Structure formats: C-alpha cells, structure tokens
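A short write-up of the structure that comes next.
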Amino acid sequence: MIKKSYLLHTGALTLLLAACSTTPQSGKLEGQIDIVSAFENQTELKVSHLGKNIRYVPLETNDSSLVGGTYGIKLQDDMVVVTTSGNCLLFDKHTGKFLRKIGSKGQGPKEYLDNIPYIHPETGDIYFNRTPEKMIRFNRQGEFLGELELPFQWDEGCYLSFQGNQVFAHLALWKDKLYRFDTDGTALDSIALPANREADFKDIKQPISIAGPLGVQLGSGLFATNGMFLIQYKSGERQDILPVHHPSIYAYGDEMRFHEAYNDTVYAIEEGLLTPRWIFRTGEYHFPRELYGDVAESEKCMVVTYVGETEELLFFECAKGWFAPKKVELCNGIYRKKTGTVMIGKHNEGFTDDLTLFIPFKPLTHSAQGEFAGALNIEDIQKWTEEDPEVKLEGALAPLKDLADDANPVVVIVEP
C-alpha cells in the first residue's frame, strides 16, 4: 500500500498515466477489435463463455493457513498462491490442502518488504521485493535462493514478468518505463513510455491508496483488485487514477506482450520496440490522452483498463466514466479470436454460472493455461443457499457442504 506521506514527499516527480495511443512501430498487426457495438448492446456473460468446467476448491483452514478479509490469488501450475496479512501461502490447486508459507515479511536479509509474489512460469521460483534495488527469491519448497539485483529503483507501481533468463519490468507509477534485464541483474534495454502531464501539487486535495482485491472501494475487477492509487484535486475537475502492481506484462507463446492501463493497444516487446498486436477501437468513445483525468470528459469516454490473453480469447475490462468514481460503468469483455465475436457485460453482474447454476463468477486472475479463478467467502455461500434453498450442494457443488463459519475462502476455477 502506498503511504500518503510518500506522495507528498515527491513533489518534484511527474505523475505518469498511460498513453491512450502510442505511435505504431514496425510489425504485423494481428487484429483490430471494435468494441463500440458490444458496449452499446451489452449482454449476459456466462461461465461457459470462459471455459467448459468449473471447480470449487475450499482452502484448508488451520492456524498456519488463515486467510484474512483482504487477499489476492494467483494460479501457478498445480498451486494456488494466496497473499494475505503480510503472508504468502501455497495451497494445492486440486484439493485446497495447505502446503506451506513462503518466506516472511520484515526487515531481515531474507525477508520481503511486501508479500506481492512474482512467479517465474518455468522454474516456479517466487520473487519478492526486498529493497528498492533488490529482490529475493524462493523455490516452491520455501527455500531461500538468493538475491536479484535490479538495474533500476523500484517503485510502488512496478510489475514484473519472466521469460527464460530474462526479466521484464513495467515501472508505471513514477517512471512510466519498460525495462528488460537478465536474471543476473544486467540491464539489456529499456523503453520510455509517453508521460501524460505533470501534477499540480498545490492543487492536490488528498492521495488515497486502495489495495485489493476484496476491499476495493473504486470499481472492481482484475485491474482494480491489484490495487490503485487515486489522487483527488481541490478543484474537483480532475482525478488521477494510477495502477499499482498492475499485471501489464504477460507471456504469450515465445513473445512478451504489454498492455498499459488506459491504452487501446496490446504490444509485443521486441528489443527496445513496441510492436502492435491487438488494437481496441472505441470510436466515438475514444478518450484523448491529453484529457486524461478530466472528470466531466471521462463520463463520455471509454478506456480499456485491463487485458488478459489465452489461446482462444482476449479477456478485457473497459470502463466509461473511469475518472468519475461515483458514476463509473465497469464492464467485462470477451473477444473470441477464431470468430471475431465481441461480448461485453456489466462487471457487477459477473458471469452467470450456467454450468452449476450457482453464484455468478467474478474473475480475479487467470493462468497461462487459460484457467480463470475467483473466490467466494463463506458468508456469500451461506447467503446464497439460504435465499435459494432449492440449491443442492452435490456434484460439482459438493465441496461446499458443511463448511465451517470461520473457514477460509473457496477458490473457484473455470477450466478451458
């Protein structure tokens, strides 16, 4: 979480928001996605639009594995990685059995500053921020493996992704820059992204750090659940909303792809260049970069806040009125690559569970294998079954029977 005092001590820094469009560079364009019609004609999104099977995995509850009211989840191979209350906990993805705790939060040489995990998809090693210049690494068994020197100064908006012996980092909060370096910490190249504008620090009313996932006060969804930094101004005419730990870099096949929050383009990262791969067309709802933060203008415009990609589809989130939090209209969207079909539905309605006829599904994360995952609290399950006594907790729903009132959340996984 970003401390309020941190912003106030950085008056000389530039607040950087993502560009709505970046000049295309060389490379073949895979596709342009017109989302205007689907946004104007929203439909019911269903779990079967994401996958063919849904599983409910209660996380084992004991003194060592307690999950607090605010938590984050990631899927990695056969594990569910849960961050909560300063801890990083591993559970079996199929049984929910608690496996182990990874490292600990603190000031010691083998402790991390925050418990946000960055997982190498090939080795399974788990990295954490140790200092502004270092990360520390553990294997899946919880053994400490050493340090990774960073060729830059870490900021609160940093997000990392790995491919082979390369590391890709997006510093979104203060630098708005992409770095590529190797796992020895040697810098390879970097890409400077367009800055939006400088903040008028005399006009700042207050900065608010919002950490997710389930305690999010502004919007919701995959982008919001990773945390946001909301800056309010005295004039009331502008607001800046910046991503924190936003999953902007991801691997697709042998390519690393990049999507900035608010940008309409998904790029491939190619040795100092950004090559367009997908472009979202917003037509009359296009939000000019120079108007970012304008509250009144944002009520008429739409931005793409998040993009995730699997072999079959693009899952994205878009919002109208993003800089007017009380009026924001956040939506989930699906683009099917083979057919070119676009479907958009209201985020707060989730994905209707047409497979088990249970609580609507709200994605919190997804895996490289095309799985999507969400979570249900015990209170949500109890309320649903009380209001609909005809629901039978059998078949796929059988794992939900006889859960204790103080049990850990249930992870919901939709499989392709």
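All of the numbers you see were taken from the coordinates with simple rules; none came from a lab. Please read all numbers here as calculations on a predicted model, not as lab measurements. Because the Cβ atoms are built from the backbone with ideal geometry, glycine has one as well, and the counts that use them run over all protein chains shown.
Site pair Asp380 and Glu133 shows an inter-label distance of 4.3 nm when each label is modelled 7 Å from Cα along Cα→Cβ.
Using 1/(1 + (r/R0)^6) with R0 = 25 angstrom and r between the beta carbons of Asp34 and Leu273, what's the FRET efficiency to the nearest 0.05?
0.45
For Lys93, a cut-off of 26 angstrom between C-alpha atoms picks up these lysines, skipping any fewer than 8 places away in its own chain: Lys46, Lys52, Lys74, Lys101, Lys105, Lys362, Lys383, Lys392, Lys401. Close amide H contacts of Ala407 (hydrogens built in the peptide plane, cut-off under 5 Å, sequence separation of 5 or more or a different chain): none are found.
Gain on full extension, evaluated as 0.36 nm per residue between Gln232 and Ser85 minus their Cα-Cα distance, stands at 50.2 nm. For the range 127-182, chymotrypsin sites (Phe, Trp or Tyr not before Pro) are listed when DSSP marks them as loop and at most 16 other Cβ atoms sit within 10 Å of their Cβ; the list is Phe152. A simple rule links phi to the HN-Hα coupling: the Karplus curve 6.51 cos²θ - 1.76 cosθ + 1.60 with θ = phi - 60°, which for the range 268-280 gives 8, 8, 10, 6, x, 10, 10, 10, x, 10, 9, 10, 8 Hz, with x for Gly and Pro. Peptide packing for 86-92, 97-103 was compared via the average number of neighbouring C-beta atoms within 10 Å per residue; ordered from the highest value, the list is 86-92, 97-103.
The modelled label-to-label distance between Leu291 and Glu349, using points 7 Å beyond Cα along the C-beta direction, is 2.7 nm.
Could you please report the charge total around Asn53, scoring K, R as +1 and D, E as -1 over all other residues with beta-carbon less than 11 angstrom from its beta-carbon?
Neighbourhood net charge equals 0.
With an a/c value of 1.5 or above and a/b not larger than b/c for the gyration tensor axes a ≥ b ≥ c computed over the alpha-carbon atoms, the range 301-383 is described as oblate.
Once the C-beta distance of Asp92 and Gln153 is scaled by a Förster radius of 51 Å, the resulting FRET efficiency is 0.85 to the nearest 0.05. Counting charges near Thr95 (Lys, Arg +1; Asp, Glu -1) among other residues having Cβ under 13 Å from its Cβ returns a value of 0.
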